[in-house]
Amino acid sequence: MVSFSLPRAIKRYLKIQREWAQAKGISVVNGKGHAEETIINAGKGASNIDASRRVYLDSEHLVKEHNIKTDTHTTGKKAGKE
């Protein structure tokens, strides 16, 4: 199963991405926090997560803790307040 998390910032963008994903049978998950956390907490059995930007150390640790593969580099920093 393929899942991805969508940004909440732009509603139009969100709608277009959601429709594209659903048409391709991709499960769309929503949640609070960073995308990696949202996907893992959705409990859909993610085995690989890659992001378009570098991820914070918090997300890197969470991904490793759940034995999820990734090729995404980290920022080397802890996440700031959101």
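The values are calculated or read from the model by the stated rules, or taken from the named source; none is laboratory data. Owing to the predicted nature of the structure, the values given are computational and were not obtained by experimental measurement. We place every Cβ from the backbone using ideal geometry, glycine too, and count neighbours over all the protein chains shown.
Taken over the stretch 37-74, residues that are closer than 17 Å to Ile26 by Cα and of a type in the set (Val, Ile, Thr) amount to 4. A count restricted to the stretch 23-47 and to residues that are exposed (fewer than 15 other Cβ atoms within 10 Å of the Cβ) and charged (D, E, K, R) stands at 3.
With respect to the conditions (1) farther than 23 Å from Ala79 by Cβ; (2) modelled with pLDDT of 80 or more, Lys11 falls short on a single one, namely (2). For the stretch 48-59, does any single residue satisfy the condition of being in a helix (DSSP H, G or I), surrounded by fewer than 10 Cβ atoms within 10 Å (Cβ to Cβ) and among the acidic types (Asp, Glu)? Looking through the stretch 48-59, none of the residues is in a helix (DSSP H, G or I), surrounded by fewer than 10 Cβ atoms within 10 Å (Cβ to Cβ) and among the acidic types (Asp, Glu). Here the stretch 18-47 is the region considered, the condition is being modelled with pLDDT of 85 or more, among the hydrophobic types (A, V, I, L, M, F, W, C) and part of a loop (DSSP other than H, G, I, E, B), and the residue that is nearest to His73 (Cα to Cα) is Ala46. Taking each residue of the stretch 62-82 that is touching a residue at least 24 places away in the same chain (Cβ under 8 Å) and under 26 Å from Lys44 (Cα atoms) and looking for partners that are surrounded by 10 or more Cβ atoms within 10 Å (Cβ to Cβ) and among the aromatic types (Phe, Trp, Tyr) with beta-carbon atoms closer than 8 Å, six or more apart or interchain, yields Ala79/Tyr56.
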